[in-house]
Amino acid sequence: MMNATEPNGLSENAKALMLGISPRILLAAVAASFLLGGCSDQAVETAAVAPAASVPPVEKSSIIDDASMADETAGENWLAFGRTYSEQRFSPLDQIDRDSVTELGVDWYLDIPNARGLVGTPLVVDGVIYFNESMNRVHAVDLRTRKQLWMYDPRVAEETGTDLRAGWEHNRGIGLWKDKLYVATWDGRLIAVDRATGEELWSVRPFPAEEPMYITGAPKIFKGKVLVGNGGTENGPNRGYVTAYDAETGEQAWRFWIVPGNPADGFENDAMRMAAETWTGEWWKFGGGGNAWHGFTYDPELDTLYVGTGNGAPWNRKVRSPEGGDNLFLCSIVALDPDTGEYKWHYQTTPGETWDYNSNMDIVLADLEMGDRTVKALMHAPKNGFFYTIDRETGKVLVAEPFSKVTWASHVDLETGRPVEMPGQRYEDGGPVRVAPSPWGAHSWHAMSYNPVTGLAYVPALHFSIEFFDHGVDPATWESSRFEGDTTAVSLDLGEGEAPYMGSLQAIDPTTGSIEWEVPLAGKWNAGTLTTAGGLVFQGRADGDFVAYDAKTGEELWRKNLGLGISAPPITFEVDGVQYISLLVGWGGGAAGIAGNLEVEHGWAYGRHTRRLVTFSLEGETVLPPQSPPEAVRPIVIEHFDVDADLAVQGADEYGRCGSCHGPGAKSGGMAPDLRASAVVGSAEAFAAVVRDGAKMANGMPRYAHLTNNQLTALQHYLREQAELALAE
Ligand code: HEC
């Protein structure tokens, strides 16, 4: 029996990967390493999983198609990312309700060795739960026997190539259609596997592995097509797009570019011709951005696809479009024909954006009673701090109210649909100027849900400001370089004190935009929500508490600490007449890396806590094995190492490429080891083996093959300086 990830060593799984052991053997080895708990006399028992060959195939009785994915009334399965096409994450199940929820307990759990940040939404069909974990590995587990049926490993570390990649080893979900399951990977593949056996059926590349992009979003499937986008706006000269593939064969059906390319090359379509009118200068040299990495919603009633688009590349409009302009289709909801990818309409939430206010957040569909009519509406709470309710037949904005402190605009003019900007907030003169929300947004990818019974949307909200300044960047000479993130603006000085708290759970009435109730939270990045016909809202938190609230009033009804920060949203489903709630427990996500200095306070140090899938029911009485208590990382003393101040200054510069995983100032939020506590940093050989030669690539530590000895030494000195500063505190 194997334990969870060995903190700083290579796990068995990783060693196997690096040794190139065949996937079949690896599969059996990993399967056997699972720990299963619950529903037995012993708290923990080994899951005796047979090798793949003798596992009976998953029985497929439910048909996963447009009709079943649109069916709001069937609660047994959880077929799609947002449960149904509407993305409401509302379940009609009500066995667990406001009264009975006090009886909720852990029914069973599954340890997930080698996993790190878990942010995905599991899917359930016909008594099988499917989920994805670190490095895009996918698991199928029988909900009756609680045994693993198969594991599929797309061997991402091998595919990412030998060079740098931003820290997005996590992924928010998978997709199902008929007999197949779809997974999209960090290195940019879309893969179909047989959902009965986990066998790979086909694999296509929306972009080559060498491109400075990645996929972290769940593939969305509708009408026999699979849609994927990509991220990477900050990582190079990227031009965003979404691509639809035939779900059966993997053949490309269509592609929609989000921003126009070089006019000299001709435009792909009229939409790009129209968009180009809103750009100035030579934007195509910078890519333009707009990358769609998360929010895609298919609307079966209006047969329309809504795509939430990203921010500009680079962030600073002065650089990419120096004479101004709205820069379509950045920060927009773009409505497309799902069969052809043809443009229908768009609504731009932040024209000419310059603050990273992307509109990639989820897009939730509902019929709303507004005034004397029923509106076919969509709801959207993007980073820019306004909650939008939009008529999805026309694209007209009906409600746009701030749900967090907003300083960049006074309000949205509902006549024109445009925000009314506040003077000085664009840092045109270089700044610094303090702006709210921050580039983290007032809401990010953490799922919001909508309950048609209460008429409320439940939003995990963020409340920060930040200083924008652009270090006198020269638009004439600035170039974006591949894989070396540069935003051309912003300080990392996140403002506290804009609100008395930096995270909260909000219940928003989409017909008015008013906040009906709000629960201030101690942590910042709290997980996505689930709401049910039982009158409940569930949310996991950064501090490890899993909490149920009264959906109408926000009153807390139940709470359980799961021993590790929660970053993934819960789902609910039914097996043999019993309602269950499942969620992945595994602190992670971009913020735990890039804002590690802010997240270090939680004490979820890298490699110390076991990642789990935890399932609850009203009969559940299983005791979870205890986790290490949250604890701040203690920097270590390395006697023989004398820090050279000049080298440390140079190293601080080099460290720019490391901070997205190891945290600013080498303070890790838990996505990677805290390098102030790493003995490896004290040894030139060990450091080079890891950083330059890729000894830990299989676990998500990139290989920086081009770094010179001098650069490596500078990094060591910077890291030791940070350790010594912390030790001296
Ligand atoms: C994409 C995320 C990511 C980036 C970027 C990254 N690392 Fe890492 N790093 C990791 C992870 C994850 C591990 C732990 C791997 C494991 O568990 O074996 C790690 C491990 C290490 C270790 C070994 C620590 C120990 O004590 O075992 C060192 C040293 C290190 N990284 C240095 C760097 C440096 C220097 C940079 C920048 C040049 C960098 N890393 C960039 C993710 C990253």
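The values are calculated or read from the model by the stated rules, or taken from the named source; none is laboratory data. This structure is a prediction, so every number in the text was calculated from the model and none was measured. All Cβ positions, even for glycine, are placed from backbone atoms using ideal geometry, and neighbour counts span all protein chains on display. Ligands, DNA and RNA are excluded from the accessible area calculation, which covers all protein heavy atoms including side chains. Shrake-Rupley method; radii C 1.70, N 1.55, O 1.52, S 1.80 Å.
Protection proxy ranking for 636-642, 556-562, using the average of other Cβ atoms within 10 Å per residue and placing the highest first: 556-562, 636-642. Phi angles of the range 288-302 translate, via the Karplus equation with coefficients 6.51, -1.76, 1.60 and θ = phi - 60°, into HN-Hα couplings of x, x, x, 3, 9, 10, 8, x, 10, 10, 9, 10, x, 5, 9 Hz per residue; Gly and Pro are given as x. Peptide packing for 470-483, 173-186, 88-101 was compared via the average number of neighbouring C-beta atoms within 10 Å per residue; ordered from the highest value, the list is 173-186, 88-101, 470-483. On full extension, the segment bounded by Tyr501 and Met274 gains 77.5 nm, given 0.36 nm per residue less the C-alpha separation. Packing-based ranking of 274-280, 628-634 yields 274-280, 628-634, ordered from highest to lowest mean Cβ neighbour count within 10 Å. Between Asp71 and Arg373, the simple label model (points 7 Å from Cα in the Cβ direction) yields a spacing of 3.3 nm. Rolling a 1.4 angstrom probe over the protein heavy atoms with all chains in place gives the chain an accessible area of 34 Å² per residue.
Toward the positive end of the charge dipole of the chain, with +1 on the Cβ of Lys and Arg and -1 on the Cβ of Asp and Glu, the farthest Cα among Gly352, Tyr655, Gly371 is that of Tyr655. In the range 633-728, the inverse of the mean reciprocal separation of distinct Cα atoms equals 13.1 Å; this is its Kirkwood hydrodynamic radius. Using θ = phi - 60° and the Karplus form 6.51 cos²θ - 1.76 cosθ + 1.60, what ³J(HN,Hα) does each residue of the range 170-180 get, whole Hz, x for Gly and Pro? Going residue by residue, I get 8, 8, 8, x, 10, x, 10, 7, 6, 9, 10 Hz, with x marking Gly and Pro. Shape annotation for the range 199-330: C-alpha extents along the principal axes are 50, 36, 25 Å, from largest to smallest. For the range 212-263, averaging the sequence separation of C-alpha pairs within contact (under 8 Å, six or more residues apart) and dividing by the residue count gives a relative contact order of 28 percent. About the centre of its Cα atoms, the range 591-729 shows a dipole size close to 500 debye [charges on the beta carbon of Lys, Arg (+1) and Asp, Glu (-1) only; nearest 20 debye].
For Ser628 and Trp202, a Förster radius of 41 Å and the Cβ-Cβ distance give a FRET efficiency of 0.45, rounded to the nearest 0.05. The phi torsions of the range 664-669, fed into the Karplus equation with coefficients 6.51, -1.76 and 1.60 and a -60° offset, translate into couplings of x, x, 6, 9, 8, x Hz, rounded to whole numbers, with Gly and Pro shown as x. Backbone amide hydrogens, once placed in the peptide plane, bring Thr121 within less than 5 Å of Gly173, Ile174, excluding anything fewer than 5 places away on its chain.
DSSP finds beta bridges in the chain, and of those with both partners inside it, around 95 percent are antiparallel.
Estimated purely from DSSP H runs of n ≥ 4, each contributing -39500 (n - 2.57), the mean residue ellipticity at 222 nm for the chain is -3000 deg cm²/dmol once divided by its residues. Across the chain, the mean sequence separation of Cα contacts (distance under 8 Å, 6 or more residues apart), normalised by length, yields a relative contact order of 13 percent. Dipole magnitude for the chain: about 960 debye, using +1 per Lys or Arg Cβ and -1 per Asp or Glu Cβ, origin at the Cα centre. Here the relative contact order of the range 290-413, from alpha carbon pairs under 8 Å that lie six or more residues apart, stands at 19 percent.
Working from label points 7 Å from Cα in the Cα-to-Cβ sense, the Glu484 to His640 distance is 3.3 nm. Rounded, prolate or oblate for the chain? Axes are the square roots of the Cα gyration tensor eigenvalues, ordered a ≥ b ≥ c, and the cut-off for rounded is a/c under 1.5. Rounded.
In this structure, the amide hydrogen of Leu557, modeled 1.01 Å from its nitrogen in the peptide plane, lies closer than 5 angstrom to those of Ala548, Tyr549, Asp550, counting only residues at least 5 positions away or on a different chain.
Here the range 633-728 exposes an accessible surface that is 54 percent carbon and sulfur, computed with a 1.4 Å probe and the other protein chains kept in place. When the range 435-516 is described by a simple charge dipole with +1 on each Lys and Arg Cβ and -1 on each Asp and Glu Cβ, the residue from Ile508, Thr477, Val435 located farthest towards its positive end is Ile508.
Here the extension length gained between Glu621 and Asp303 equals 110.0 nm, from 0.36 nm per residue of separation less the Cα-Cα distance. Once the Kirkwood radius over Cα pairs is known for the range 387-432, the Stokes-Einstein relation at 4 °C and 1.567 mPa s delivers a diffusion coefficient of 108 µm²/s.
In this structure the amide hydrogen of Thr532, modeled in the peptide plane, comes within under 5 Å of the amide hydrogens of Ser91, none closer than 5 places in sequence on its chain. At a Förster distance of 25 Å, what's the computed FRET efficiency of Ala264 paired with Glu342, Cβ-Cβ distance as r, to 0.05? Taking R0 as 25 Å, the efficiency between Ala264 and Glu342 is 0.55.
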